[in-house]
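Read the structure below first, then the notes.
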């Protein structure tokens, strides 16, 4: 019984650690382009972006303002162009 309890506790702690390290965020610029990031990046104020938690959603009234523009890597959208940093 002790072995089963140890295994269950080990599995639960592995799940807890992986859940806390797997972070994602949503970033949007002033033009309404939004994309997901897997890692936290340091966006400078002059980039003109806002960072939201991964559970952020735009309101139905804002559906025409925002659009998804996914991209891999570190960077941000500006004037329809992906700028890497």
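Throughout, read-outs are computed from the coordinates displayed, never taken from laboratory work. Small disclaimer: the values here were computed from a predicted structure and weren't measured. Virtual Cβ from ideal backbone geometry, glycine too; neighbours counted across all protein chains shown.
A compact table of results
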{"item": "FRET E, pair residue 53, residue 74, Förster distance 30 Å, beta-carbon r, rounded to 0.05", "result": "0.95"}
{"item": "Net lengthening on full extension, residue 66/residue 31 (0.36 nm per residue, minus Cα-Cα)", "result": "11.8 nm"}
{"item": "Length-normalised contact order of region 23-84 in % [C-alpha pairs under 8 Å, at least 6 apart]", "result": "37"}
